[in-house]
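Single-structure report; data block below.
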Amino acid sequence: MKRSIIALAFAVLLFPLQSMGQAKLKVGLMLPYSGTYAALGDAIEKGFRLYLAEQGGRIAGREVEFVKLDDESDPAKATDNANKLVKRDNVDVLVGTVHSGVAMAMAKVAKDNGTLLIIPNAGAVAVTGPMCAENIFRSSFSNWQPGYAMGEVAAKRGAKKVVTITWKYAAGDESVGGFKESFEKAGGQVVKELSLPFPNVEFQPLLTEIAAIKPDAVYTFFAGGGAVKFVKDYAAAGLKDKIPLYGAGFITDGTLEAQGADAQGLLTTLHYGDGLDVPKDKTFRAAYAKAYGAQPDVYAVQGYDAAQMLAIGLNAAGGDVSKKAEIAKAIVAAKIDSPRGTFTIGANHNPVQDMYLRQVVGKDNKVIGVATPALADPGRGCKM
Ligand code: PHB
């Protein structure tokens, strides 16, 4: 009797300690679940959850709990939305988002509050440039990277005069900036930069302008629903067989089902593609197909790798999100075993990775070569 009372007392005493040690890890998932980028947010979450499921639902021993928020890809609501997750919901880590304008607001909130932030898509150059911070990481790319790789490809393929067309916001501007940098270094010239506000899809007047200019090629950044429509409109305007369309790979990623014949043959550059000879990709694809009954795209890979990076950082910090130096040290030292191929994280916390050249064949973005190996974002203005 006495013994069992003592045991009970111990159990009562120990229980809160144990549950404290095992406190759930609250992950704030701030992604677009509506609008032109909705499918991208969904793929990122699926990738993230797949990695987590492979770890038995735990990161650094802590069970994961999600708080989800639809950011609508709306920069005007982004600061309030990120603050809600950090201050009201007390998340331990922020994971998001797709849209660069929203991501910049998230980075500011993360910086001001010291919250760990992992960006599973948005390529905003500023986030790993002037705004870079010990607690901010990206598992995806900088907008500059695919653009820079494609500028070299376009020049090598003999283009001299190119027109660019994109949405007028950070992602479009920076993608075009990367393209222009390498293309003009190689002797080419961007003769006209066309744009329309995000997320508009009234492409017709701009396509008419392209037809009148008759450049050697067109470089484009669009993604999600807007990318589907742009590729279809480009073909419908009769431009597909006349003026080669080159793009950052988002123009044909996760979109081929809807684009069909209008996308066939398009050349793009990106850090992922179909037919990679990467063992990790084969197991990832099989697991993704089994879990969701669909093939993964670049966004799913970035979500998966965001979860991997979080695990690498938190494992090194014993699950303690406040140990920012330990987390950063482990992530920067890691070789990340990604479906895209192994990559590392540079000093500015952006992936250093191969940029593949891909061509659309059927429903695949078939990898036909490496456009630029181990490409690092220059991290201009980043002081850490
Ligand atoms: C961005 O806003 O940075 C962005 C959005 C969608 C993409 C790529 C980049 O597919």
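Since every read-out is calculated from the coordinates, none of them should be taken as a lab result. Quick caveat, the model's predicted, so the values are computed rather than measured. All Cβ positions, glycine included, derive from the backbone under ideal geometry; neighbour counts span all protein chains shown.
Counting other beta carbons within 10 Å of each Cβ, put Thr344, Thr220 in order, fewest first.
Fewest-to-most Cβ neighbours within 10 Å comes out as Thr344, Thr220.
Kindly flag which residue pairs out of Lys77/Lys192; Lys77/Lys290; Lys161/Lys240 have an alpha-carbon separation exceeding 27 Å in this structure.
Values: Lys77/Lys192 32 Å; Lys77/Lys290 36 Å; Lys161/Lys240 17 Å.
Cα-Cα > 27 Å for Lys77/Lys192; Lys77/Lys290; rest within.
How big is the gap, in Å, between the Cα center of the stretch 45-109 and the Cα center of the stretch 156-188?
Between the Cα centre of the stretch 45-109 and that of the stretch 156-188, the gap is 32 Å.
If the elastic network links every pair of Cα atoms under 10 Å, which of Ala105, Ala38, Ala236 fluctuates the most in the Gaussian network model of the chain?
Maximum fluctuation in the GNM of the chain, among the listed residues, is at Ala236.
Could you state the angle between the C-alpha long axis of helix 298-316 and the longest principal axis of the C-alpha atoms of the chain, as a value from 0 to 90 degrees rounded to the nearest 10?
That helix lies at roughly 30 degrees to the long axis.
Write out the GluC sites (Glu not before Pro) in the stretch 187-286 meeting two conditions: DSSP loop, and at most 12 other Cβ atoms within 10 Å of their Cβ.
On the way: sites: Glu193, Glu202, Glu209, Glu257; in loops: Glu202.
Qualifying residues, ordered by number: Glu202.
Quick one: helix 224-236 against the long Cα principal axis of the chain, what's the angle to the nearest 10°, folded into 0 to 90?
With rounding to tens, the tilt is 10 degrees.
Taking 2.2 N^0.38 Å as the expected size of a compact globular protein, what ratio does the Cα radius of gyration of the chain give against it, to two decimals? Please report the intermediate quantities before stating the final value.
On the way: Rg = 22.1 Å, N = 384, 2.2 N^0.38 = 21.1 Å.
Cα Rg divided by the expected 2.2 N^0.38 Å: 1.05.
Taking the stretch 192-242, which trypsin sites (Lys or Arg not before Pro) meet the DSSP loop condition and have no more than 12 other C-beta atoms within 10 Å? Before the final figure, lay out each step's value.
Numbers: sites: Lys192, Lys229, Lys232, Lys240, Lys242; in loops: Lys240, Lys242.
Loop-located and lightly packed - Lys242.
To the nearest 20 debye, what is the magnitude of the charge dipole of the chain about its Cα centre, counting +1 on the Cβ of each Lys and Arg and -1 on the Cβ of each Asp and Glu? Each step should come with its number before you reach the end.
Working: 43 positive and 39 negative charges, 147 e Å.
Dipole size: approximately 700 debye.
Order of Ile213, Ile243 from fewest to most other C-beta atoms within 10 Å? Walk me through the numbers before you get to the answer.
Values: Ile213 15, Ile243 20.
The fewest-first ordering by Cβ neighbours comes to Ile213, Ile243.
Please list, or write none, the aspartates and glutamates whose alpha carbon is within less than 18 Å of the alpha carbon of Lys214, excluding same-chain residues fewer than 8 places away.
Glu193, Asp233, Asp241
What residue among Ala170, Ala124, Ala258 shows peak mean-square fluctuation when the chain is described by a Gaussian network model with Cα springs under 10 Å?
Ala258
Mind telling me which of Thr268, Thr79, Thr252 comes out most flexible in a GNM of the chain, alpha-carbon contacts under 10 Å?
Highest fluctuation of the listed residues: Thr79.
Angle between the Cα long axis of helix 324-333 and the longest principal axis of the chain, 0 to 90 degrees, nearest 10?
In the chain, helix 324-333 runs at an angle near 50 degrees to the longest axis.
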